[in-house]
Amino acid sequence: MSIYLDSNATTQVHPRVVEAMMPYLTGAWYNPSSGYAAGREVKVAIETAREQVAALIGAEPDEIVFTGCGTESNSMVIKSLAREIGRKSSRVAVSEIEHSAVLRPTEAMAAVGFDVERVGVHDNGRLDLDQFENVVDSSKPGFASLMWANNETGVVQPMMEATEIAKAAGWWMHTDAIQAVGKVPVRVDEVPVDFLSISGHKFHAPKGVGALFIRKGTPFEPMIRGGGQEGGHRSGTENVPYIVALGEASSIMMEEAGNGGLDRVAALRDRLETGLGERLNRVEFNGSREHRTGNVAHVSFPGRVAAGLLPKLDAAGVQCSAGSACMTGKSQPGHVQKAMGFSDEKAFSSLRLSLSIFTTQEEVDEAVELIARIVS
Ligand code: PLP
């Protein structure tokens, strides 16, 4: 039996999602831009999915653009905003704990002369708002790109406060909400961000589909030009089955939020932490207790090396990771742990255990036993 505790890396495709998308791989494989009835029907399926995604985040359907993945959504915004603000006397603010899908494109901007500032976080993993306020300069055109929830710790960022600071300075605001959507309430009708990135495979759609929220009236320069699909924001014949999948997954996550499914995940995460705390003398739980997604436990085992634990856990059937999947195999301590002030020793002794709506209590109890045995 394997126990999957790496849901921040990716999630199992939900059976309902598979069921919803299959007809668009088999019978309804037409081009949605075709004028005949079969094509128009496929187009309707895309628009239904757009409504489902919009509903999940409190957007209007025409504010949703389907993309190939979360990384693409982030790059699309960053490139468009770079052009919008221009290189001369502008500024960009990101946090030190962003995913590489924000860090690398903004590094590329810095390499060609943009002023890109990285804002630190407190030791609980939350953005240092004072530092952010100092970096945001209303005398300069600029934008901020801040993640809604961190992929390694699950810590939810002060998005409302940060957005208010950015907007008050006349800056554009983008959030990489890839690890927040479907896990905590993410509402663009409450938090006035201009852009928001979504990735399907983090909440039970397949890998290779994402979405970008672009607030109505916000200037946007497409990265991919062509046939003008997706309102001209992202050309290319639409990946209909995957778009339908993202729509269905969005509806499922809304249901899970409404029917207590997400609370059940959080209770299991708490049970996992309590179990480990009871069985191990030396264990530390990292990141804000109060502001985090319900599915992540970020745990340090002082005196142990995560890279040594992982193969043993894998052999015992526990699948988890020491950080983001993209960092696997890297010999440096993770940038998120560094930003939170971890010593190298602590950073190297930490594991990310991330659950999903498919995680069961039996799995959690079994994982506690196995992890405790292997760590001690
Ligand atoms: N941003 C965050 C915070 C992520 O966790 C991930 C995936 O790990 C991405 C961006 C990249 O998304 P995708 O895998 O859809 O390209």
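Worth pointing out:
- Taken together, Gly217, Gly210 contain a single residue that is small (Gly, Ala, Ser), near the ligand (Cβ under 10 Å from one of its atoms) and at pLDDT 95 or above, which is Gly210.
- Qualifying residue in the range 165-185 (condition: farther than 25 Å from Ser139 by Cα and surrounded by fewer than 24 Cβ atoms within 10 Å (Cβ to Cβ)): yes
- Those helices (runs of 4 or more DSSP H) lying entirely in the range 242-354 with at least 3 residues away from the ligand (no atom under 16 Å from the Cβ) and either within 25 Å of Met1 (Cα to Cα) or open to solvent by 50 Å² or more (accessible area, probe 1.4 Å) (or both): 261-279, 306-316, 344-348
- Residues of the range 324-345 include at least one that is more than 22 Å from Leu103 (Cβ to Cβ) and not small (Gly, Ala, Ser).
- Taking the criterion of being under 16 Å from Arg50 (Cβ atoms) and in a loop (DSSP other than H, G, I, E, B), the residues of the range 213-224 that qualify are Arg215, Lys216.
- Checking each residue in the range 171-183 for being in contact with a Gly (Cβ under 8 Å, 6 or more places away or on another chain) and either more than 16 Å from the ligand (Cβ to nearest atom) or β-branched (Val, Ile, Thr) (or both) picks out Trp171, Trp172, Ile178.
Yes/no matrix, rows are residues, columns are (1) basic (Lys, Arg); (2) within 25 Å of the chain's Cα centre (by Cα):
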| site | (1), (2) |
| --- | --- |
| Glu273 | no, yes |
| Arg282 | yes, no |
| Asn295 | no, yes |
| Pro311 | no, no |
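- Across the range 53-88, the qualifying residues are those that are surrounded by fewer than 17 Cβ atoms within 10 Å (Cβ to Cβ) and free of Cβ contacts under 8 Å to residues at least 60 places away in the same chain, and the one among them that is nearest to Glu221 (Cα to Cα) is Gly86.
- Helices (runs of 4 or more DSSP H) (entirely within the range 100-212) containing at least 1 residues that are of a type outside the set (Asp, Glu), closer than 17 Å to Lys79 by Cβ and over 19 Å from the mean Cα position of the chain (by Cα): 100-111
- Residue match in the range 41-52 (condition: over 30 Å from Glu190 (Cα atoms) and open to solvent by 80 Å² or more (accessible area, probe 1.4 Å)): yes
- Of all residues in the range 61-95, those satisfying the criterion of being of a type in the set (Ser, Thr, Tyr), within 16 Å of the ligand (Cβ to nearest atom) and part of a helix (DSSP H, G or I) are Thr71, Ser73, Ser75.
- Lone unmet requirement of (1) out of contact with any strand residue (DSSP E or B) (no Cβ under 8 Å at 6 or more places or on another chain); (2) open to solvent by less than 20 Å² (accessible area, probe 1.4 Å); (3) within 16 Å of the ligand (Cβ to nearest atom); (4) not polar (S, T, N, Q) for Met21: (3)
- Among the residues of the range 1-54, those identified as among the basic types (Lys, Arg) and more than 22 Å from Leu212 (Cβ to Cβ) are Arg16, Arg40.
- Of all the numbered requirements in (1) in contact with a Phe, Trp or Tyr (Cβ under 9 Å, 6 or more places away or on another chain); (2) surrounded by fewer than 22 Cβ atoms within 10 Å (Cβ to Cβ), Leu146 misses one, and that requirement is (2).
- Of the residues making up the range 48-58, at least one is within 16 Å of Val240 (Cβ to Cβ) and in contact with a Pro (Cβ under 6 Å, 6 or more places away or on another chain).
- Number of the exception - Thr106 against (1) surrounded by fewer than 19 Cβ atoms within 10 Å (Cβ to Cβ); (2) hydroxyl-bearing (Ser, Thr, Tyr); (3) more than 12 Å from the ligand (Cβ to nearest atom): (1)
- Candidates Gly227, Gly236, Gly231, filtered to the one that is on the phi > 0 side of the Ramachandran plot and either within 11 Å of the ligand (Cβ to nearest atom) or in a loop (DSSP other than H, G, I, E, B) (or both): Gly236
The values are calculated or read from the model by the stated rules, or taken from the named source; none is laboratory data. Model, not experiment: these values are computed from the prediction. Quick reminder, even Gly has a Cβ in these numbers, built from the backbone with ideal geometry, and neighbours come from all protein chains shown. Just so you know, the surface numbers come from the protein's heavy atoms only, side chains and all, with ligands and any DNA or RNA stripped out. Shrake-Rupley method; radii C 1.70, N 1.55, O 1.52, S 1.80 Å.
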